[in-house]
1. Which one of SER333, SER357 is crowded, with 22+ Cβ neighbours inside 10 Å and either in the same structural domain as VAL393 (by the TED database) or over 18 Å from ASP426 (Cβ atoms) (or both)?
2. Is there a residue in the range 313-331 that is under 14 Å from THR441 (Cβ atoms), of a type in the set (Val, Ile, Thr) and at pLDDT below 95?
3. Within the range 402-420, count every residue that is touching a strand residue (DSSP E or B) at 6+ places or on another chain (Cβ under 9 Å) and surrounded by 15 or more Cβ atoms within 10 Å (Cβ to Cβ).
4. Has the range 338-347 got at least one residue that is crowded, with 17+ Cβ neighbours inside 10 Å and either acidic (Asp, Glu) or in contact with a Cys (Cβ under 7 Å, 6 or more places away or on another chain) (or both)?
5. Taking the range 314-330, which residues are surrounded by 14 or more Cβ atoms within 10 Å (Cβ to Cβ), touching a Lys or Arg at 6+ places or on another chain (Cβ under 9 Å) and more than 17 Å from ASP365 (Cα to Cα)?
6. Against the conditions (1) closer than 23 Å to PRO435 by Cα; (2) not assigned by the TED database to the domain that holds LEU425, where does ARG325 fall short? Just the number, please.
7. Scan the range 428-445 residue by residue and report those that are touching a Leu at 6+ places or on another chain (Cβ under 8 Å) and either outside the structural domain of SER357 (by the TED database) or touching a residue at least 40 places away in the same chain (Cβ under 8 Å) (or both).
Amino acid sequence: MRHRLTAALAAIVAAALPARADPGTDALAPFLDAVAACARRSDLSLAVIGPEPGQTAWSREQAEEVRLAVESRLQGTGRVRLAAAADVVRVKALREGTTGLSGPEAEAQIRAAFAGDASVFLVEPRRAGESAAFRLQAITRSASCKATSEPLTVPIRVGAGVADVDAEMERAVKAFGQAAPTVAAVEVCPFEAEGGHSTCAGALTDRLLIALDAEARSANHLLKGARLEVRRRPPGTACAGSVTARGRFLTDRERRSWMEVEFQRDGAVLAPTGRRRIAVEGLGCDPTPRPFLDHLAATARTDGGRLAVAATATPFVRGQRLELRIDARARQSLYCWVVAPDETAFVALPVRGNAASLNPLAAGDVRRYPHGYGLDEIVAGDPFENLFSCFGVAGGLPPELAERWLAAAPGADGEARLLQPPEVLDLVERIRAVPGVTEATARIVVR
């Protein structure tokens with residue numbers, strides 16, 4: 001009985017004591033007093049806009065996390081109603097997905113979302129360990145008054161998201177524009193992946209192109225009547241031109257990802273970013289650096305239900321006949337080549353003047369290369385490792401690509417032409433862009 005009475009008494013005492021204040025919420029009181037004085041009203045409606053889009057202190061995910069934390073603290077004061085300024089796109093999508101919105105209705109909704117007494121921005125963003133530091137700055141609707149808070153901190157998730165890739169690209173492009181404001185054209189060279197090939201290099205090249213294109217279309221350029229032409233260099237070609245943009249992608253032993261971007265004008269470096277740690281999760285790429293043949297096989301658009309290729313032995317030995325089985329499981333025209341680790345290649349199929357190789361394969365056809373096409377046998381000699389790679393295309397390649405391929409193919413009048421790395425990389429990129437293309441690969445290993 002005594003224990004029960006003690007517990008009950010403790011509960012009564014706890015209820016009589018005031019609740020402990022949230023220090024984060026309490027710290028906002030002077031700021032909200034200043035905003036109320038600016039707006040000349042005590043019941044405030046605030047639109048939390050968030051940090052500047054181009055800030056690089058936090059990733060986009062972290063910036064959203066910080067904005068939501070600020071909204072939560074403001075609501076915790078009991079003095080604020082929140083307008084949906086930063087969420088207007090989500091609200092618009094919700095309305096359109098249910099009731100539908102006319103143009104005037106959408107405009108009215110957007111205006112209403114920003115109709116708070118003041119807009120709140122997150123300024124002076126900084127990151128220290130697992131905390132985000134910043135100030136709140138409120139500007140009234142008439143822009144006649146503003147209030148700024150003392151520094152605030154909120155916890156954030158650090159993890160892999162150290163820098164937002166697009167923010168880094170925007171910052172690099174902005175620095176380039178300041179260093180060379182009169183440049184009219186820039187050549188964007190493909191990113192290089194340290195230690196091999198990585199799909200992240202291509203993804204980063206794409207993001208840099210997007211950032212440069214946005215700058216070329218920006219009000220800063222348009223209002224000045226300036227023009228910025230952005231051109232992408234083909235893969236595998238030398239980075240040349242009066243003004244170039246080039247970058248590197250690399251990973252360290254802890255599997256962290258980094259990038260570097262620099263612009264050059266006539267050999268002089270402009271606005272280098274230095275090495276910046278980035279998060280690649282949102283890029284949809286594989287950061288692993290691989291040798292060329294591994295990279296080519298790993299990125300192939302394979303579909304075993306349409307096309308399969310296999311070597312008849314792994315490995316082949318000296319003096320053994322080299323043979324590959326090609327299994328077509330759908331009607332398609334076939335384009336095969338043998339690719340070497342140094343990024344060169346020979347076209348294997350079709351063979352000019354050889355009807356068996358020029359005609360499409362029917363579904364269910366199984367061929368042996370080279371014997372099944374009436375070609376001479378190939379006998380294994382010195383050790384090597386190549387990749388036998390085939391593209392299957394229903395209806396064949398577009399005329400321009402088919403002409404390029406056949407121009408390098410073997411024929412009765414000569415051997416196949418050795419394709420150099422720039423042409424190999426260019427053909428891979430162009431053929432993979434053909435709708436419905438299927439790939440199949442097999443290693444040719446001689447020991």
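1. Numbers: SER333 fails: crowded, with 22+ Cβ neighbours inside 10 Å.
None of the other options fit; the residue is SER357.
2. Start the filter on the range 313-331 by keeping residues that are under 14 Å from THR441 (Cβ atoms), which leaves 314, 324-327.
Okay, now just the ones that are also of a type in the set (Val, Ile, Thr), so 314, 326.
With at pLDDT below 95 added as a condition, the list becomes 314.
Yes; the residues of the range 313-331 include at least one that is under 14 Å from THR441 (Cβ atoms), of a type in the set (Val, Ile, Thr) and at pLDDT below 95.
3. 8
4. Yes, some residue in the range 338-347 is crowded, with 17+ Cβ neighbours inside 10 Å and either acidic (Asp, Glu) or in contact with a Cys (Cβ under 7 Å, 6 or more places away or on another chain) (or both).
5. Of everything in the range 314-330, those that are surrounded by 14 or more Cβ atoms within 10 Å (Cβ to Cβ), touching a Lys or Arg at 6+ places or on another chain (Cβ under 9 Å) and more than 17 Å from ASP365 (Cα to Cα) turn out to be PRO315, PHE316.
6. Checking ARG325 against (1) closer than 23 Å to PRO435 by Cα; (2) not assigned by the TED database to the domain that holds LEU425, the one that fails is (1).
7. The first filter runs over the range 428-445 and keeps only residues touching a Leu at 6+ places or on another chain (Cβ under 8 Å), leaving 428, 430-431, 434, 438-444.
Listed by number, the residues that qualify are VAL428, ILE431, VAL434, THR438, GLU439, ALA440, THR441, ALA442, ARG443, ILE444.
So that you can scan it fast, the table gives a plain yes or no per residue for (1) of a type outside the set (A, V, I, L, M, F, W, C); (2) touching a helix residue (DSSP H, G or I) at 6+ places or on another chain (Cβ under 9 Å); (3) at pLDDT 90 or above:
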position	(1), (2), (3)
GLY116	yes, yes, no
PRO125	yes, yes, no
GLU130	yes, no, no
LEU136	no, yes, yes
ILE139	no, yes, yes
SER142	yes, no, no
GLU150	yes, yes, yes
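The values are calculated or read from the model by the stated rules, or taken from the named source; none is laboratory data. Predicted model only: the values in this text are computed from it and were never measured. Cβ: placed from backbone, ideal geometry, glycine included. Neighbour counts: every protein chain shown. For the accessible areas, the whole protein counts, side chains as well, though only heavy atoms, and no ligand, DNA or RNA atoms are used. Shrake-Rupley method; radii C 1.70, N 1.55, O 1.52, S 1.80 Å.
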